[in-house]
Amino acid sequence: MPEDTGDLSRRRWHRVWRNALWPSEQGALPATVAARIRERDRSSELMMRLVQLCIVVAFAVLYLLSPRTDGGTEFSLVPAVLAIYFILTLIGLLWSAKSEIPDWGAYLSVGFDIALLVVLIWSFHIQYGQPPSFYLKAPTFLYFFIFISLRALRFNPKFLIASGLASIVGWLALVLYVVLGETSQSVVTRSYVDYLTGNALLVGAEVDKLLSVTIVAGILYVVLHRSRSLLIEAVREQRAASNLSRFFDKEIAARIRLADDLSEQGVRCQAAVLFVDIRGFTSFSAALEPNEVIRVLAEYQRRIAPIIRAHGGIIDKFIGDGIMATFGAVDRSHTYAANALRAVDAIVAEVDRWPGGTSSLRSLPDRSVGAAVAAGTIVVGTIGDADRLEFTVIGSAVNLAAKLEALNKRIGSRALSPLETYRTAVEQGYADERRIAQFCSRVDGVEGDIQLAVLHP
């Protein structure tokens, strides 16, 4: 039976309110994401300690510069509290700089902060020779908000809540000390004037203070909880973008990340297409263990891919032991053909070093890698359906480059290109003192004969 529309609407609103007040952290975090979050937490803890150090130094300077109030005794806990707070802050700063502070250490720090503030406020009535209710009007109460807001720098709501609760408990303890400690006269009053002009306790005023602490802590909690959810989402997106760059070249990955809509997008441009392939790799790999096959392929790709990128190429895809790359398709270039041929020269030089090397590629036969380049007008875009898209290039140059790479095997050459592509590369600044062999040949799937240039025989 179809679900009731009213039930669906109620569940939808429940989900909206739940996400607004209690944003989800989207389940268990991957280890890499959790590590990045811990790294951010540690840097936030370090920043919080630096802010604390600045605050205590500022308070100490103000205390030293401010004139002493008449009527007080010589007793004052302010220097002692500032000194203790400075030492504790310095310990926390060094601790957070050296290693990650555990949760119990952060909670202990909250307790020390609030306890020192409570003791400082409590000492005022002794310092000025007044009944305990005297300290309830001390403006130092506002420091509770400073300690609460400091915990918001940590991007972890639980420490902010701990600071808020400790502040409420601390102030309640001070109020109870007044109520239980002053027995000589009735300390509680209902007169706001008596409260302001004397040492009476107005219940409504203390309720207002506790309510303001609760509201501020609550608002900061919601803001911080939502900010932490956004932080986790941002780290996840950053990790996903990093993973995306492992499947695509960085230029293509950047375009995918920044695009609002990738579907049905295409651009026509002049570019060169390069195909690189290992000859006879299928029969060669049949004699190897599966792990060794993958190891050889990975090493081959690690050696060839940087060469392609160094010459301005963008790897479109890895096709088994083949590599397809484009020059000038994603990032426009006026030297796309020249760059592609320079990349071919560098690849051939790299392959020639493999037999005498120590890597797994030394087992490949000599002249085992073939390459082909074709330049022309191509279309760059995305293809696929709604669930899966592929960023690729389409055009006659793509087909021709693939077929020329296969032609290498038949005629025994190492690198081919259409003569027209070679001439375009020369016009774009490609210089090669070698005498390039030229011949006319039919290419499977291509109409008519094509003038070809043997880049490397």
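The values are calculated or read from the model by the stated rules, or taken from the named source; none is laboratory data. These figures come from a predicted structure and were not determined experimentally. No Cβ is skipped: glycine too gets one built from the backbone with ideal geometry, and neighbour counts run over all protein chains shown. Accessible surface is based on the protein model in full, side chains and every heavy atom, while ligands, DNA and RNA are left aside. Shrake-Rupley method; radii C 1.70, N 1.55, O 1.52, S 1.80 Å.
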Of residues in segment 432-452 being open to solvent by less than 30 Å² (accessible area, probe 1.4 Å) and in a loop (DSSP other than H, G, I, E, B), the one nearest to A338 (Cα to Cα): I436
Qualifying positions in segment 410-431 - of a type outside the set (A, V, I, L, M), part of a helix (DSSP H, G or I) and open to solvent by 20 Å² or more (accessible area, probe 1.4 Å): R410, E420, Y422, R423, T424, E427
Restricting segment 317-342 to residues that are in contact with a strand residue (DSSP E or B) (Cβ under 7 Å, 6 or more places away or on another chain), among the aliphatic types (A, V, I, L, M) and at pLDDT below 90, the residue that is farthest from D277 (Cα to Cα): V330
Subset of segment 142-156 (residues that are surrounded by fewer than 20 Cβ atoms within 10 Å (Cβ to Cβ) and small (G, A, S)): S149
V223 farther than 30 Å from R332 by Cβ and modelled with pLDDT of 75 or more: yes
Hits in segment 178-228 (condition: open to solvent by 40 Å² or more (accessible area, probe 1.4 Å) and charged (D, E, K, R)): R190, D194, D208, R226
Out of L407, L400, L455, sole residue that is within 49 Å of the chain's Cα centre (by Cα), surrounded by 15 or more Cβ atoms within 10 Å (Cβ to Cβ) and over 19 Å from G328 (Cβ atoms): L407
In segment 61-84, the residues that are part of a helix (DSSP H, G or I) and either at pLDDT below 80 or basic (K, R) (or both): L62, Y63, L64, L65, V78
Residue in segment 95-108 that is over 20 Å from A166 (Cβ atoms), surrounded by 17 or more Cβ atoms within 10 Å (Cβ to Cβ) and either in contact with a Phe, Trp or Tyr (Cβ under 6 Å, 6 or more places away or on another chain) or among the aliphatic types (A, V, I, L, M) (or both) present: no
Count of residues meeting criterion [modelled with pLDDT of 90 or more and touching an Asp or Glu at 6+ places or on another chain (Cβ under 7 Å)] in segment 371-402: 2
Verdict on W122 being under 23 Å from A200 (Cα atoms) and open to solvent by 60 Å² or more (accessible area, probe 1.4 Å): yes
